[in-house]
Each structure stands twice: as C-alpha cells, then as structure tokens.
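Structure, as structure tokens:
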Amino acid sequence: MKKPGAIILSFIFLGVLSPLLFLNAAADNTPYLKFCGANGTIFGTCHLLYTGKSTILLDCGLFQEEGYPKREVDRRNRFLPFQPRDIDYILVTHAHGDHIGRIPYLVRKGFAGKIYCTEATAQVAREMLKLLAWILSHDSPLYNQHHVEATLKRLVPCRYNRTYTLPDGLRFRFLEAGHIIGSAMIYLDFEQGGDDYSLLFTGDIGNPAAPLLRPQDIVEDVDYLICESTYGNRLHSNAADDMKKFAETINTAINRGGKVIIPCYVLARTQNILYFINKMIRDKKFDRSFNVYVDSIYANKMTRIYRKNSQLFNEETKKEIRQRKPPLSFPTLKEHKPEEKIIGPAVILAPSGMANVGSIRTHLTNYLPDPDSVVIFVGYQPEGMIGRKLLEGAKWMKIGEKTVPVRAKSYYLSSFSGHADYHQIITWLKNFQRIREIFIVHGQPDSSKYLAEYIEAHTLFKAMVPKFLQKIYLTPN
C-alpha cells in the first residue's frame with residue numbers, strides 16, 4: 001500500500017506533469033522552425049525546419065564575424081544544436097561561405113542525406129568549398145578536402161521554378177533571388193495532420209541596381225517568410241552618382257599613371273566590377289587604355305562560371321551578348337597575378353573585400369604610398385578593419401609586418417552592394433497579398449530590429465526578430 005505522501009505525489013504527477021507530458025507529446029509532430037544561426041549577426045545562416053515527418057536544414061554557413069578571437073569563432077562553428085545524423089535533407093540558397101561553409105563539417109559529423117541547390121550553385125559550391133577548406137586549414141580545420149569531396153557527391157542540382165517532391169511529401173522550388181549567380185529563394189509547402197503549411201526563405205535578397213542577374217521572383221501568398229536584413233537599417237547611395245564617381249576616380253588615377261586598387265570578394269563583386277569597367281571602356285569613359293588585373297585564381301574561376309551560365313543573366317545583358325558585346329570579357333582584362341611593380345596605369349582587383357586577408361594586402365603595401373594611386377572599396381568596411389581605417393583617413397597603415405605611409409586616397413561606393421536595402425525589401429514585400437508572419441534574420445541587432453519595425457509600420461504584415469536557438473511552432477494556413 002502506497003504511503004499518503006506517495007499518493008499525493010502520484011496525483012501531482014497525474015494532475016500536473018501528465019498534461020505537460022501530453023502537450024510535449026502532442027507537439028512532437030507539430031511543425032516548427034528553429035533558428036540555429038545568423039541571429040544578431042550576418043554570419044552562420046542555418047535554420048532548421050521540422051515538418052512532423054522529416055527534419056530539413058535551410059543552409060548551414062560559417063560564422064566569420066570580424067573582431068572575435070579565433071578560439072571563439074572556432075567554438076561557434078563547431079557548435080551544432082542538432083545531431084547531423086538526424087537531418088534528412090539540406091536545401092541551399094546560394095554558395096557564399098556564410099551559407100554553405102559548415103556543410104562539410106556536418107558530413108564529417110554524420111550527415112548522410114542529399115543536398116539540394118540550383119545547378120549554378122552546385123558549380124560554384126565545388127570551387128567555394130575547396131577554397132574554404134584550404135583557408136580553414138591554416139587556422140581552424142573544421143574539415144578537409146576529403147570531407148569536401150564527400151559533400152559534393154551529395155549535391156542534387158535543381159532547376160529554377162520547378163517543383164520537386166521529397167519522399168516524405170514535402171514540396172519545394174527554387175526562385176530567383178538576384179544576389180549572386182545561382183542564388184535562390186526557397187519556397188516550401190507540406191501537409192501534416194491534414195493541414196497545409198507554406199514557407200519562403202529569402203536567403204540573401206539581391207540589390208535591384210546590381211548588374212548581370214535577373215531580378216527577384218515575386219511571390220504573392222505564403223504562411224511564413226524568413227527574411228534577411230543585412231541592410232535592414234541602411235539605404236544604398238545613388239547608383240548613377242556612384243557610377244559617375246567610379247569612372248571619374250579611375251580616369252583621374254590612370255591619367256596620372258597611378259594604380260586603382262579595388263578590394264573584392266571572389267564571388268559576385270568581382271564579376272560586377274568587371275562588367276562596369278567593361279561597359280565604361282565601350283562607352284569611352286576613359287582617356288587612355290589600361291590593363292585590368294584580377295589577382296585571384298578563384299575569382300577567375302567564378303568569372304568562368306558566370307560566363308557559362310549566361311542564361312541566368314537579365315534581359316539587358318542577354319541583349320548585349322546577342323550584339324556580340326560579351327559582358328565579362330575585354331582585350332585588356334588580365335586574369336592572372338600582375339608583376340610585383342607595374343609600370344604605368346592599371347586597375348587591380350584582388351581579395352578580400354575587407355582587405356584584412358588575401359593578395360590585396362600585397363597591392364596595398366605596394367601602392368598606398370603612391371599619391372597618384374587610389375583605393376576604391378565597394379563593400380561595407382567594419383570597425384577595426386584596414387578598409388575602415390583607410391576610409392577614416394589613416395596616415396600610416398600596418399599590413400602584416402610592414403607599416404607603410406598612406407598617400408593614396410580611399411573611396412567607398414555603397415551602391416555596389418549585392419544586398420537589397422530596406423526600401424528595396426519593402427518594395428518587394430508589397431507584392432505579397434498575404435504573409436502570416438515574417439521572421440527577420442541575417443543582420444546586426446539594430447538592423448534586424450529596425451527592419452521588423454519598419455515592415456510593421458509600412459505594411460499589414462507582422463514581423464519579429466527570433467533569438468538564437470528559438471523554436472517557433474507553426475500553425476496551418
């Protein structure tokens with residue numbers, strides 16, 4: 001016979017804990033989203049979707065935040081709030097490192113499913129993941145080339161705007177995002193417990209002012225939207241003004257016999273800059289001829305992938321191709337490393353975009369002391385980085401073991417960004433007839449907060465900023 005205390009505890013268990021256990025059991029098959037990266041930062045995108053039947057990851061990228069100790073960056077990249085072997089599929093928006101850079105680590109840790117992406121993203125990923133493995137091998141070897149090869153074997157290239165159905169019944173299709181070659185938004189819909197659910201993940205939304213690529217596809221109806229906020233509280237400068245400044249700055253430098261140094265990321269930014277320079281050469285914007293060097297093996301590989309996928313270009317660029325005006329090829333383009341000291345005027349594109357690593361450091365060391373040369377930054381420069389210091393007027397710059405005088409002028413042109421600003425995001429959102437709720441991710445805290453508030457103030461949609469590891473149960477439409 002149970003003692004009175006035991007009986008009381010049994011009633012407490014049955015009366016209080018059992019309902020809680022019942023609720024948890026009922027929630028076991030309830031679809032949910034769990035935000036596992038790019039919350040309060042633009043790095044480490046990773047969102048987990050549980051459909052009640054399967055578990056899917058939307059991207060899984062590297063945390064690459066500048067200013068953090070290497071040990072902390074490594075810790076964040078190794079932390080996984082799920083078991084890789086429990087993930088059934090991965091859907092990838094595009095092949096930037098902050099969106100795909102941890103996938104080989106998942107494979108190393110037991111992920112055995114398929115990885116779905118667009119055809120062009122598969123081509124870019126083959127090069128990007130090899131590059132990332134090489135970079136990581138110097139600091140924090142999350143994985144090696146063997147894991148990259150195992151990852152590439154799991155890629156399933158998909159076409160845009162075609163619906164694919166997975167064995168568990170989940171349907172998805174890739175829509176144009178206009179960010180980089182092959183970039184996509186992912187639309188998903190599935191049924192669970194007799195109810196229908198739909199979700200759209202933007203990945204990175206492209207800047208409509210950027211060249212080459214098609215604009216974003218339009219969606220009119222979805223239950224849930226996961227939306228990036230890189231420029232959630234910022235506006236780009238006027239594109240026409242920036243183009244004029246860009247041409248004038250290059251022209252002034254080359255007329256003096258100087259060098260134009262452009263720190264560039266290997267993917268997208270390099271190709272956009274080449275397009276602009278090529279067009280300006282054709283339009284006779286420059287007073288004299290000059291060579292354009294792209295000092296990056298991988299940037300040149302990415303340019304070849306762009307050329308190979310010209311069917312993804314916008315109508316203006318396709319028209320130029322039909323007129324035999326190739327957008328990414330011109331006689332003075334040199335896709336190789338220049339000599340140590342170039343005689344005469346030249347433009348040099350080299351990674352990285354923040355000038356903190358890569359071959360760009362050699363060119364800055366060589367030409368910052370030259371008052372006839374200039375540096376043009378075409379991407380955001382965080383606090384403490386070489387680029388920010390130059391833009392703030394530094395007179396001396398320590399680059400590696402050398403300290404060099406700064407006599408070259410530096411400029412920043414923000415309209416070259418590959419991301420939509422908050423006005424452009426709102427313009428795209430106004431095409432929707434219905435969104436139940438918007439989750440704002442992929443932005444610094446102030447940026448995400450501002451965009452969520454701006455959306456609620458200027459549309460009829462509800463928006464929130466989920467916290468890292470927050471789980472949100474989904475309700476059917």
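The values are calculated or read from the model by the stated rules, or taken from the named source; none is laboratory data. Remember, predicted model here, so these are calculated numbers, not experimental data. A quick note on method: Cβ atoms are made from the backbone with ideal geometry, for glycine too, and the neighbour counts reach across all protein chains shown.
Tell me whether segment 441-448 contains one or more residues that are within 19 Å of Phe35 (Cβ to Cβ), in the same structural domain as Thr202 (by TED's automatic domain parsing) and hydroxyl-bearing (Ser, Thr, Tyr). It would help to see each step written out before you state the result.
Of the residues in segment 441-448, the ones within 19 Å of Phe35 (Cβ to Cβ) are 441-448.
Going one step further and asking which of them are in the same structural domain as Thr202 (by TED's automatic domain parsing), we end up with 441-448.
Subsequent filtering for residues that are hydroxyl-bearing (Ser, Thr, Tyr) retains 447-448.
Checked segment 441-448: at least one residue is within 19 Å of Phe35 (Cβ to Cβ), in the same structural domain as Thr202 (by TED's automatic domain parsing) and hydroxyl-bearing (Ser, Thr, Tyr).
Quick grid of which residues meet (1) at pLDDT 95 or above; (2) within 21 Å of Val92 (Cβ to Cβ); (3) of a type in the set (Asp, Glu):
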residue	(1), (2), (3)
Tyr224	yes, yes, no
Asn238	no, no, no
Ala247	yes, no, no
Asn255	yes, no, no
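Against the condition β-branched (Val, Ile, Thr), farther than 30 Å from Asn477 by Cβ and either surrounded by fewer than 24 Cβ atoms within 10 Å (Cβ to Cβ) or over 17 Å from the mean Cα position of the chain (by Cα) (or both), how does Ile273 come out, does it pass? Can you show your working first?
Values: β-branched (Val, Ile, Thr): yes; farther than 30 Å from Asn477 by Cβ: yes; either surrounded by fewer than 24 Cβ atoms within 10 Å (Cβ to Cβ) or over 17 Å from the mean Cα position of the chain (by Cα) (or both): yes.
Criteria met by Ile273.
Residues of segment 317-335 being surrounded by 11 or more Cβ atoms within 10 Å (Cβ to Cβ) and either at pLDDT below 95 or among the charged types (D, E, K, R) (or both), which ones?
Lys318, Lys319, Glu320, Lys325, Lys334, Glu335
Any residue in segment 403-422 that is under 26 Å from Leu225 (Cβ atoms), at pLDDT 95 or above and of a type in the set (Phe, Trp, Tyr)?
Taking every residue of segment 403-422 in turn, at least one turns out to be under 26 Å from Leu225 (Cβ atoms), at pLDDT 95 or above and of a type in the set (Phe, Trp, Tyr).
Only one residue in Leu333, Leu235 is touching a strand residue (DSSP E or B) at 6+ places or on another chain (Cβ under 9 Å), within 25 Å of Ser183 (Cβ to Cβ), free of Cβ contacts under 8 Å to residues at least 60 places away in the same chain and not β-branched (Val, Ile, Thr). Which one?
Answer to the selection: Leu333.
Name the single residue, out of those in segment 119-150 being surrounded by fewer than 23 Cβ atoms within 10 Å (Cβ to Cβ), at pLDDT 95 or above and of a type in the set (Gly, Ala, Ser), that is nearest to Lys301 (Cα to Cα).
It comes out as Ala122.
Would you confirm whether any residue within segment 436-457 is over 23 Å from Gly44 (Cβ atoms) and within 19 Å of the chain's Cα centre (by Cα)?
No, because not a single residue in segment 436-457 is over 23 Å from Gly44 (Cβ atoms) and within 19 Å of the chain's Cα centre (by Cα).
Find all pairs meeting these conditions: Cβ atoms under 8 angstrom apart; at least six residues apart or on different chains; first residue within segment 309-324 and more than 15 Å from Ile181 (Cα to Cα); second residue surrounded by fewer than 17 Cβ atoms within 10 Å (Cβ to Cβ).
Glu320/Pro326; Ile321/Ser310
Taking strands (runs of 3 or more DSSP E) that do not extend beyond segment 366-471, which have at least 1 residues that are under 30 Å from Glu176 (Cβ atoms)? Reasoning before the result, please.
Working: elements: 374-377, 396-399, 402-405, 409-412, 434-441.
Answer list for segment 366-471: 374-377, 409-412, 434-441.
Here is a list of conditions, (1) farther than 13 Å from Leu213 by Cα; (2) touching a residue at least 40 places away in the same chain (Cβ under 8 Å), and Gln271 meets all of them except one; can you say which number that is?
Against the list (1) farther than 13 Å from Leu213 by Cα; (2) touching a residue at least 40 places away in the same chain (Cβ under 8 Å), Gln271 comes up short only on (1).
Kindly indicate whether any position in segment 32-43 is modelled with pLDDT under 95, under 21 Å from Asn144 (Cβ atoms) and touching a Phe, Trp or Tyr at 6+ places or on another chain (Cβ under 8 Å).
No, segment 32-43 has no match at all.
Check segment 166-186 and report whether any residue there is assigned by TED's automatic domain parsing to the domain that holds Asp98, of a type outside the set (A, V, I, L, M, F, W, C), free of Cβ contacts under 8 Å to residues at least 40 places away in the same chain and assigned to a loop (DSSP other than H, G, I, E, B).
Looking for residues that are assigned by TED's automatic domain parsing to the domain that holds Asp98, of a type outside the set (A, V, I, L, M, F, W, C), free of Cβ contacts under 8 Å to residues at least 40 places away in the same chain and assigned to a loop (DSSP other than H, G, I, E, B), one finds at least one in segment 166-186, hence yes.
Among the listed residues Tyr116, Tyr164, Tyr187, Tyr105, identify the single one that is at pLDDT 95 or above and either over 30 Å from Asn314 (Cβ atoms) or aliphatic (A, V, I, L, M) (or both).
From the options Tyr116, Tyr164, Tyr187, Tyr105, the qualifying one is Tyr105.
Looking at segment 400-428 only, could you name the residues that are surrounded by fewer than 18 Cβ atoms within 10 Å (Cβ to Cβ) and among the hydrophobic types (A, V, I, L, M, F, W, C)?
Answer for segment 400-428, where residues must be surrounded by fewer than 18 Cβ atoms within 10 Å (Cβ to Cβ) and among the hydrophobic types (A, V, I, L, M, F, W, C): Val404, Ile426.
When you look at Ala247, is it in contact (Cβ under 8 Å) with a residue 12 or more places away in the chain and touching a helix residue (DSSP H, G or I) at 6+ places or on another chain (Cβ under 9 Å), yes or no?
Yes.
For segment 158-206, how many residues meet the condition of being at positive phi and either surrounded by fewer than 15 Cβ atoms within 10 Å (Cβ to Cβ) or in contact with a His (Cβ under 9 Å, 6 or more places away or on another chain) (or both)?
Looking only at segment 158-206, we keep the residues that are at positive phi, and these are 161, 169, 178, 182, 193-194, 203.
Restricting the remaining residues to those that are either surrounded by fewer than 15 Cβ atoms within 10 Å (Cβ to Cβ) or in contact with a His (Cβ under 9 Å, 6 or more places away or on another chain) (or both) gives 161, 169, 182, 193-194, 203.
The number of residues fulfilling the criteria is 6.
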